[in-house]
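First up is the structure itself, then whatever we jot down about it.
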């Protein structure tokens, strides 16, 4: 696969007998595909981050469920193993619930294409918030890789770039797994958008120097009151952005909004293996944090731009 | 060297014909000594971070200058090469200026021991600010390795630990060179102080969960108005600490205070090689940032505890 070919199918697709994924753990050094031949193998790919990003894992789970149906697997067991692969993203369960009545490849594919279409609409809504010459900062990877196609936060940056409003993107490297320096920079290079990777801890310094106009991220789950869970570090960026009077925009599909979760306090935060930090000393490795609604300037979904106080229903 | 033996001499010393340094680039995997046989080799060790930390590079430069004198090197050239090894720390030039009148091994050794003694006094002053059961967060390494002996910020933690006031230390891993997870965790393990390494971006999340009582760091240069340069990321921690109503303490010897620099705006910020971030995409790698005095709850030197507005003279 050439890097210019970041199509929905190149990220995740269903073939005869397998869900085929671009293995995001190997990027940017190698562009390798991973074949998952059962729901359990898809769940394992989700758990080990071969595919990651809330919308993309929803799409992968939908294909996995269709695969399980075509193989005659026990669908309750398939649902369970896929739903439990990661705890924070709500899109995972949402996508599986969409599949229950019609566990077919066609249904999964329709879900996938609808996800890509939603991203494009989000991008258009979000880029309307950008002024000319914007220098944006983003965290983790909310791109085509994370959404199965166009990207949520990166979709907004793509749309702003196409409209001539975007000057530069600062890419938080995003420790410990470096989704920023590995995946977001790889996508921005493919898109020809000017960018530079920074250590996560350099973001506030850049803001103090006037080098950042806005922060744009995705989200893994948004509570009914607008509190948003996203990759660890987003909350610190939100605090720093507020301190410097800069807007923080969260770009995410409606499927990310969990009306059954009243506030961020009820969002489960995944604790990942401390070994990801690569130290032999004791370590603590939360994968997500929660940004309170009060620190989020706008939440942009495919339905439009929401402002605080947030009312989604 | 066993890890229990973190003596001033084990970190840096002058032998016949060489300054001998514990190579901090190899820690914690290997405890190797580096022999520098000229002022230029000492400068190279400083530039490449074999020895780092503002007070420790001052001590290393003093030994390097004494070595240059004993070898009959051109002392103006030796001064220059050492002073220019790194731009942000002011202790480097301060230590060299202390050596000019008497460029002897004895003078360098006295400077070294005075540095260790200052750290112990700072630790005593700083720990008086700690309440019982304190959970402290520190960034980078302001320990024995950084100061040639006892440590500035870690000196404060040591003193608080000995007084039974310290419960736990959160160690920012400190990208890109991981001085926290490599060096600070190594020192805290040797000292038997409970600790856990975190991704830098997890600090604000920990604060929001009530898991941090104070932030304690060193500094590479403090301006006359109290603005303080320190490892990139300190400023973001300061903003987050202020947001959560937590104190930020800076522990540093008087030699770090540069009365000739009126404010932080005049402190040169070293830009280091983007390759340190380990990405093949464009990157930007400032090594330090400046925390404005207004965000610093106290600056603790060997002379005592200073509070804003800062007047050091």
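The values are calculated or read from the model by the stated rules, or taken from the named source; none is laboratory data. Owing to the predicted nature of the structure, the values given are computational and were not obtained by experimental measurement. Here the Cβ positions follow ideal geometry from the backbone for every residue, glycine too, while neighbour counts run over all protein chains shown.
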Of the criteria (1) more than 24 Å from residue A:198 (Cα to Cα); (2) touching a strand residue (DSSP E or B) at 6+ places or on another chain (Cβ under 7 Å); (3) without any contact (Cβ under 8 Å) to a residue 12 or more places away in the chain, which one residue B:195 fails: (3)
Wholly enclosed helices (runs of 4 or more DSSP H) of segment B:6-94 bearing at least 2 residues over 26 Å from residue B:271 (Cβ atoms): B:8-11, B:54-70, B:75-83
Hey, which of the strands (runs of 3 or more DSSP E) in segment A:170-280, taking only ones fully inside, have at least 2 residues that are facing chain B (nearest Cβ under 8 Å) and touching a helix residue (DSSP H, G or I) at 6+ places or on another chain (Cβ under 6 Å)? A:195-198
Counting only residues that are within 18 Å of the chain's Cα centre (by Cα) and farther than 20 Å from residue A:204 by Cβ, segment B:258-298 contains a total of 2
Taking segment A:281-304, which residues are more than 10 Å from chain B (Cβ to nearest Cβ) and closer than 18 Å to residue B:208 by Cβ? A:293, A:294, A:296
Could you say which residue among A:89, A:68, A:45, A:78 is under 15 Å from residue A:148 (Cβ atoms), more than 14 Å from every other protein chain (Cβ to nearest Cβ), in contact with a helix residue (DSSP H, G or I) (Cβ under 6 Å, 6 or more places away or on another chain) and crowded, with 23+ Cβ neighbours inside 10 Å? A:89
Select from segment B:156-187 the residues that are touching a strand residue (DSSP E or B) at 6+ places or on another chain (Cβ under 8 Å) and under 12 Å from residue B:28 (Cα atoms) and list them in ascending order. B:179, B:180, B:181, B:184, B:185
Exactly one condition in (1) free of Cβ contacts under 8 Å to residues at least 24 places away in the same chain; (2) surrounded by fewer than 21 Cβ atoms within 10 Å (Cβ to Cβ) is false for residue B:283; which is it? (2)
Conditions: (1) modelled with pLDDT of 95 or more; (2) within 11 Å of chain B (Cβ to nearest Cβ); (3) more than 16 Å from residue A:221 (Cα to Cα). Residue A:307 meets all but one. Number of the miss? (2)
